[in-house]
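**Student:** Take a look at the following structure, please.
The values are calculated or read from the model by the stated rules, or taken from the named source; none is laboratory data. Since we're looking at a predicted model, the values are computed, not measured. Backbone-built Cβ (ideal geometry, glycine too); neighbour counts: all protein chains shown. Accessible surface areas use protein heavy atoms only, side chains included; no ligands, DNA or RNA. Shrake-Rupley method; radii C 1.70, N 1.55, O 1.52, S 1.80 Å.
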Amino acid sequence: MAEGSCDIGLVGLAVMGQNLVLNMNDHGYKVAVFNRTTSKVDEFLNHEAKGTQVVGAHSADELCKLLKRPRRVMLMVKAGEVVDQTIEHVLSYLEEGDIIIDGGNSLYTDTNRRTKALAEKGILFIGTGVSGGEEGARFGPSIMPGGNPAAWPHVKEIFQAIAAKVEDGTPCCDWVGQDGAGHYVKMVHNGIEYGDIQLICEAYQLLKDGLGMTADEFHEMFSEWNKGELDSYLIEITAEIFAKKDEDGHPMIDKILDTAGQKGTGKWTAISALDLGQPVTLIGESVFARCLSALKDERVAASKVLQGPMKVLTISEKKEFIEDVRRALYCSKMVSYAQGYMLLRAIEKEQNWELNMGGIALMWRGGCIIRSVFLGNIKAAFDKNPKLQNLLLDDFFSSALNKYGWSWRKAVIHAIEIGVPTPAFSTALAFFDGYRTERLPANLLQAQRDFFGAHTYERVDKPRGQFFHTNWTGRGGRVSSTTYNA
Ligand code: 6PG
């Protein structure tokens, strides 16, 4: 194969890598591929990529030689050390002005570091989120690139060609921002994905335990929900899941063990929220709900010791209750996205990035796991007011919350009455009530801190930023501790 003939090189032929290559090939790009275990290259060329114009390379050197200048090398390898090792490996065959793209789920701080270190060597680095699983990668993922802005013009055309498109043809891919911004936005996407999944699971358990609904009924209900405000990929696949039968004819859903796995991006989102002091409670609860589910043996033992409510409650208005739960899910989802956007605002400030909030909603509108009609409403809110402080304050969202608020409360009340855990529904409601409360009890909290540790407080009748200390017992000294916030 002629040197310098390929448009892009891809390293890492696992499921996402292979499908991205085939997607690029469909769009007329000539892709060179390399994999550390080189037999995978041959397997790929002889099977999935048979009859395409994909070119195989058996070393990083060979791969880089096949590429047009400036060379574009995309890595689809496991996040963490493997990314550093692979960069190190290809680096010796690249020259100034070449581009490396990391398309895995890397931690954004790693991407910050890599962008900087590679810029010093004259290499333009991009860290990009790629969402949509196997099918998305093959036929149109959502792509969220960030990193060195000088690299963007070199990959824009390919990325936007292979990305999912919304109804008017706009690609679900645009420049997100500097350094690790792309990977940060993908991390928040995944955190929101955790939240959406948890909310659907809570609705399922509440209706299963509260009404005794069957898999077939759930199939119908979720199919119905998918025609309205909740129209989304995750509701759609949930409807399909309930229709699937095991070999013995029983619903597949009942055969699956109730312990959740996780690869870490939800946890990173929650950690980042704590670091930035943002109350992203729904994603946090969703991560913890997975952790609790994983304690299967303990839960089985505890179920024999700890009692739930004594009163057996019968829900007579089945249709009404299902609608309450649907509305509770919708309201909680609004809170979750509002919290996710609060986190984006906070990181933007901390990292000095400029994030295009409406653009992010558009990138999530198609191709990715959280794609939904709802993201169109978010995009519209930011189009109307790009400086919108909180999604919940947009007319569309505030009027929906005000309209459905009582149903949401009823669903949570029922959950408590029948002893079904709904951490995500409940935390969303607690956040909503906290956010709309003018005076919270933090005055008492501050008094306590000042009482036992002279931590000082601000007063309602004095300008912000002035701190006071009271000698609460008459026994304390006049010295107060320094006032700072973590
Ligand atoms: C996507 C997904 C994907 C994620 C998996 C698994 O956007 O295509 O977010 O990137 O890794 O969904 O995540 P967990 O194993 O943590 O559930």
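**Student:** Do any helices (runs of 4 or more DSSP H) lying entirely in the range 301-407 carry at least 2 residues that are within 16 Å of the ligand (Cβ to nearest atom) and surrounded by 12 or more Cβ atoms within 10 Å (Cβ to Cβ), and which ones are they?
**Tutor:** Ranges flagged: 318-351, 357-365.
**Student:** Follow-up question, since we're still on this one. Select from the range 174-202 the residues that are open to solvent by less than 10 Å² (accessible area, probe 1.4 Å) and not in a helix (DSSP H, G or I) and write down the one among them that is farthest from the ligand (Cβ to nearest atom).
**Tutor:** Looking at the filtered set, the residue picked out is G177.
**Student:** Among the candidates G136, G129, single out the residue that is crowded, with 22+ Cβ neighbours inside 10 Å and out of contact with any strand residue (DSSP E or B) (no Cβ under 6 Å at 6 or more places or on another chain). I'd like the intermediate steps shown before the answer.
**Tutor:** Numbers: G129 fails: out of contact with any strand residue (DSSP E or B) (no Cβ under 6 Å at 6 or more places or on another chain).
That would be G136, the only listed residue that is crowded, with 22+ Cβ neighbours inside 10 Å and out of contact with any strand residue (DSSP E or B) (no Cβ under 6 Å at 6 or more places or on another chain).
**Student:** S293 is checked against (1) within 15 Å of the ligand (Cβ to nearest atom); (2) under 18 Å from the mean Cα position of the chain (by Cα); (3) in contact (Cβ under 8 Å) with a residue 24 or more places away in the chain; (4) not in a loop (DSSP other than H, G, I, E, B) and fails just one. What number does that condition carry?
**Tutor:** Unmet for S293, out of (1) within 15 Å of the ligand (Cβ to nearest atom); (2) under 18 Å from the mean Cα position of the chain (by Cα); (3) in contact (Cβ under 8 Å) with a residue 24 or more places away in the chain; (4) not in a loop (DSSP other than H, G, I, E, B): (2).
**Student:** Among the numbered conditions (1) in a loop (DSSP other than H, G, I, E, B); (2) of a type in the set (A, V, I, L, M); (3) surrounded by fewer than 17 Cβ atoms within 10 Å (Cβ to Cβ), tell me where V420 comes up short.
**Tutor:** Status for V420: all satisfied but (3).
**Student:** I've got another one for you. Any chance the range 141-152 includes a residue that's within 14 Å of the ligand (Cβ to nearest atom), at pLDDT 95 or above and either surrounded by fewer than 17 Cβ atoms within 10 Å (Cβ to Cβ) or among the hydrophobic types (A, V, I, L, M, F, W, C) (or both)? Step through it out loud before you land on a result.
**Tutor:** From the range 141-152, those within 14 Å of the ligand (Cβ to nearest atom) are 141-144; that's our starting set.
Retained after the next criterion (residues that are at pLDDT 95 or above): 141-144.
Subset that is either surrounded by fewer than 17 Cβ atoms within 10 Å (Cβ to Cβ) or among the hydrophobic types (A, V, I, L, M, F, W, C) (or both): 143-144.
Yes, that holds for at least one residue.
**Student:** Which one of the conditions (1) of a type in the set (A, V, I, L, M); (2) free of Cβ contacts under 8 Å to residues at least 40 places away in the same chain; (3) touching a Ser or Thr at 6+ places or on another chain (Cβ under 9 Å) does A428 fail to meet, given that it meets all the rest?
**Tutor:** All conditions pass for A428, except number (2).
**Student:** While we're looking at this one, here's another question. Filter the range 97-123 down to the residues that are open to solvent by 10 Å² or more (accessible area, probe 1.4 Å) and acidic (D, E), then identify the one that is nearest to the ligand (Cβ to nearest atom).
**Tutor:** The extreme case among them is D110.
**Student:** For the range 124-140, name all the residues that are of a type outside the set (D, E), within 17 Å of V77 (Cβ to Cβ) and either assigned to a loop (DSSP other than H, G, I, E, B) or more than 8 Å from the ligand (Cβ to nearest atom) (or both).
**Tutor:** Across the range 124-140, the qualifying residues are F125, I126, G127, T128, A137.
**Student:** Considering every residue within the range 395-412, establish whether at least one is farther than 27 Å from C201 by Cα and modelled with pLDDT of 95 or more. First the steps, then the outcome.
**Tutor:** So in the range 395-412, the residues farther than 27 Å from C201 by Cα come out as 395.
Next, only the ones that are modelled with pLDDT of 95 or more stay: 395.
Yes, there is a match, as at least one residue in the range 395-412 is farther than 27 Å from C201 by Cα and modelled with pLDDT of 95 or more.
**Student:** OK, next. Among the residues that make up the range 33-51, is at least one of them at pLDDT 95 or above, β-branched (V, I, T) and open to solvent by less than 10 Å² (accessible area, probe 1.4 Å)?
**Tutor:** Yes, the conditions are met somewhere in the range 33-51.
**Student:** Of all residues in the range 105-134, which are closer than 25 Å to V15 by Cα and free of Cβ contacts under 8 Å to residues at least 40 places away in the same chain?
**Tutor:** R114, F125
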